[in-house]
């Protein structure tokens, strides 16, 4: 299912990821074009009953651009009292979005370009901005 993975840099990452998943489900511009699930990035240690959820896996429909998704992610991030840093991953490409980066147009253009599949983007294995 995974097309893009989102991690939150917070102690209560699971709560933040669930909030983000709810935000994306409520975003009318993404309706019907995005599937998501909160998951664990690693298996549970042998001495634990289960792992916490620490990533949000997103599958984008063909008509949804990465840019539209990133805009929604940034809107959620900026709506938080303390905006957590988000780490977006597509393949080997990992990009961290901080509150400061969300306000810098050039940084956002570079992030979107590097995460967009296709020419010059993540599917080509390009590095992070």
What are the residues in region 3-17 that are surrounded by 14 or more Cβ atoms within 10 Å (Cβ to Cβ) and either part of a strand (DSSP E or B) or out of contact with any helix residue (DSSP H, G or I) (no Cβ under 8 Å at 6 or more places or on another chain) (or both), if any? 3, 4, 5, 6, 7, 8, 13, 14, 16, 17
Within region 97-119, the residues that are in contact with a helix residue (DSSP H, G or I) (Cβ under 8 Å, 6 or more places away or on another chain) and in a helix (DSSP H, G or I) are 99, 101, 102, 107, 108, 111, 112, 114, 115
First in region 72-94 and without any contact (Cβ under 8 Å) to a residue 40 or more places away in the chain, second anywhere and surrounded by 20 or more Cβ atoms within 10 Å (Cβ to Cβ) and part of a loop (DSSP other than H, G, I, E, B), Cβ under 9 Å, 6 or more apart: 77/84
Count, please, the residues in region 38-77 that happen to be under 15 Å from residue 9 (Cα atoms) and modelled with pLDDT of 85 or more. 6
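The values are calculated or read from the model by the stated rules, or taken from the named source; none is laboratory data. Keep in mind the model is a prediction, meaning the values are calculated, not measured. Please note: Cβ atoms are built from the backbone with ideal geometry, for glycine as well, and neighbour counts cover all protein chains shown.
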